[in-house]
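A short reminder: the numbers here are calculations on the coordinates, not readings from a lab. Remember, predicted model here, so these are calculated numbers, not experimental data. All Cβ positions, glycine included, derive from the backbone under ideal geometry; neighbour counts span all protein chains shown.
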Amino acid sequence: MSDEVARVATCPVHEISPMHPDILKSPWGMNRRLRDEAPVFQDPNSGIFFVSRYEDVIQIAKDHQTFSSRMMGPTRAMAGSEDPEVIEVLKSGYENVPTMLTEDPPNQRRYRKFVDGAFSPSSLKSLEPFIENLSNELIDTFIDKGECEFLSKFGVPLPLRVIISQLGAPQEDLPLFRKWTEAFIGNLSQQLDKEGILQAAKDMVEFQHYFVARMNERRAEPADDILSKLVNASFDGEQPLTDAECLSMLSQILVAGNETTSASLTEGLWLLIENPDQYQLLKDDPSPEMISRLVEEVLRISSPSSNMFRRTTREVEMHGVTIPENSILFARFASANHDDNQFPEAAKFKLMRNNLKDQVAFGKGVHHCLGAALSRREMNIGFKIILDRMENFRLADGASDPEFSANALLHGMTGLNIAFDKK
Ligand code: HEM
């Protein structure tokens with residue numbers, strides 16, 4: 001445990017540094033103290049208000065009029081964009097316009113209309129065989145070795161290959177998608193240095209040009225994929241989406257859709273290793289109902305979208321703290337999911353909880369995750385096949401406990417070296 005993380009247990013609550021990289025990696029102790037002692041806490045360094053209890057996070061997510069998702073103007077595309085070199089790079093790309101995640105109703109609803117159908121549970125039914133085949137193919141690449149680094153061999157490629165197919169891009173382009181996702185996530189992490197920001201800007205512009213070329217192809221010749229729907233749809237005589245709007249939505253689908261599911265799949269496997277009694281429950285009853293319990297409890301504990309930004313549109317009073325108009329706050333979904341008042345013994349991984357459906361890993365209200373049904377399908381199918389084909393999961397010889405990356409918004413492991421027996 002790092003010194004900074006150890007200090008959280010004893011220091012006065014106002015001395016906690018929530019954006020310290022060590023705390024971002026290991027936020028659980030801080031989350032507990034903030035929930036107990038400072039449910040609305042202003043970080044003295046960033047000025048961000050941290051809202052940590054379940055009922056408060058729900059209140060924020062449901063009240064989009066007071067808690068806006070519109071953060072930035074078109075030019076504030078990324079952290080550090082005041083740097084002239086970064087500005088020069090961004091000029092060669094497209095303007096970053098607010099759409100779903102970064103927009104409020106009614107515009108946000110308008111953007112959702114273009115894609116909600118494509119991600120609905122019924123549209124996803126036809127995708128199940130693809131997810132099953134892909135899960136089996138990925139497992140085939142390592143099952144005979146009896147060990148693997150699970151994040152890179154399964155956690156990352158499963159959702160990434162699914163989204164590549166949904167966007168109608170060739171699977172050989174996976175390394176590009178991986179690079180672009182990392183650029184967007186790096187930008188969000190608020191931990192990049194000058195060089196890192198510049199490289200991320202270049203990668204993001206490369207992503208934009210790649211997709212504008214694909215979008216033009218789909219305008220000329222529509223195919224049966226989300227990209228064709230996105231560029232060709234128009235509702236009630238409205239204008240179709242512009243290139244910049246499509247790019248903003250595509251980047252959100254890419255970022256929100258990949259790292260999150262990868263993180264939950266990987267942490268799920270770790271939770272099975274760490275909790276043999278719960279793993280036994282699944283061995284005794286590997287029914288779809290139990291796998292679905294596993295997925296919901298993994299989502300609750302892992303909560304990869306740990307914090308989401310909001311901006312106050314008026315002065316708000318919460319728990320005796322005055323939050324001025326135009327303040328930035330974090331609705332802390334991961335902390336909400338670990339609130340003992342909502343989930344008794346919340347730190348414990350328990351498949352038989354009677355309120356698994358209350359977990360808020362996918363958010364709540366108008367911004368409720370577009371990809372929730374897709375992600376649930378990937379996790380249900382992925383875990384079922386993993387449990388069908390392998391057993392006796394454990395950390396690989398010599399591997400240490402997994403570590404998490406330092407990111408203000410997304411929480412996930414940097415890797416997981418496992419060993420297992422082939423069934
Ligand atoms: C375990 C997997 C996932 C988790 C934990 C997750 C989490 C979330 C959360 C918490 C929100 C709400 C954000 C807010 O209130 O500001 C959200 C929104 C969103 N998610 Fe996900 N997500 C996951 C998978 C996906 C997938 C697979 C996709 C796309 C294919 C996706 C696309 C989106 C989009 C576009 C939004 C914005 C919706 C809007 O603002 O209208 N997510 N997600």
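Annotations
- Per-residue ³J(HN,Hα) for the range 163-171, Karplus 6.51 cos²θ - 1.76 cosθ + 1.60, θ = phi - 60°, Hz, x for Gly and Pro: 5, 4, 5, 5, 8, x, 9, x, 4
- By the count of neighbouring beta-carbon atoms within 10 Å, fewest first, SER228, SER306 end up ordered SER228, SER306.
- With 5 Å bins from 0: P(r) over the range 137-188, alpha-carbon pairs, percent: 4, 18, 24, 23, 17, 9, 4, 0
- Amide H contacts under 5 Å for MET318, placed H, 5+ residues apart: ILE323
- Added length on full extension, which subtracts the Cα-Cα distance from 0.36 nm per residue, SER2 to ASN107: 33.4 nm
- Computed magnitude of the charge dipole of the range 174-310 (debye, nearest 20; Cβ of K, R +1, Cβ of D, E -1): 360
- P(r), alpha carbons of the chain - 10 Å bins starting at zero, rounded %: 4, 21, 32, 27, 13, 2, 0
- For the chain, the residue among SER262, PHE67, ILE185 whose Cα projects farthest onto the positive side of the dipole built from Cβ charges is PHE67.
- Estimated distance in nm for a label pair at ARG70 and GLU289, the labels positioned 7 Å out from Cα along Cα-to-Cβ: 4.7
- Kirkwood hydrodynamic radius of the range 96-145, from the reciprocal of the average inverse Cα-Cα distance over all distinct pairs: 13.7 Å.
- For the range 38-422, with +1 on Lys and Arg beta carbons and -1 on Asp and Glu, the positive-most of VAL57, VAL295, GLY196 along the dipole: VAL57
- Cross-link partners of LYS283 among aspartates and glutamates (Cα-Cα below 12 Å; sequence separation of 8 or more within a chain): ASP388, GLU391
- Length-normalised contact order for the range 38-422 - Cα pairs under 8 Å, 6+ apart - percent: 27
- In plain terms, the chain from ASP421 to LYS62 could stretch by 124.7 nm, reckoned as 0.36 nm per residue minus the Cα-Cα distance.
- Ordering VAL97, VAL298 by the number of other Cβ atoms within 10 Å of each residue's own Cβ, fewest first, gives VAL97, VAL298.
- Using the alpha carbons alone, the radius of gyration of the range 142-276 stands to its Kirkwood radius in an Rg to Rh ratio of 1.05.
- With each label modelled as a point 7 angstrom along the Cα→C-beta vector, the LYS357-LEU174 pair spans 3.6 nm.
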